[in-house]
Amino acid sequence: MLRSRTPLRLASALLLYLLTATMVLPQTVVGSWNIQNLGRGERKDYPAVAAVARHYDLLAI
């Protein structure tokens, strides 16, 4: 029973955060990014991820 409630609690907390952030901050920038195939092989460019992520208030990866 606990496992089935965890996603609901996480979604509720995220919704509460977004509602609060939009009231406090006049503009909240939210983004999502699929970085599963970030580069080829061992050549992952994590500084590039950080450079893009810094432009968002909330980023789902």
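Some values worked out for this structure:
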{"item": "Approximate spin-label separation Arg40-Ala21, in nm, with each point projected 7 Å along Cα-to-Cβ", "result": "3.5"}
{"item": "Computed P(r) (all Cα pairs; the chain; 10 Å bins; percent)", "result": "18, 35, 29, 17, 1"}
{"item": "Cα-centre dipole for the chain with unit charges at Cβ (Lys and Arg positive, Asp and Glu negative), debye to 20", "result": "240"}
{"item": "Listed residues Thr6, Leu19, Ala53: farthest to the positive end of the dipole of the chain (Cβ charges)", "result": "Thr6"}
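Rule-based calculations on the coordinates, nothing more; no lab input. Just so it is clear, the structure is predicted and the values come from calculations on it, not from any experiment. Because the Cβ atoms are built from the backbone with ideal geometry, glycine has one as well, and the counts that use them run over all protein chains shown.
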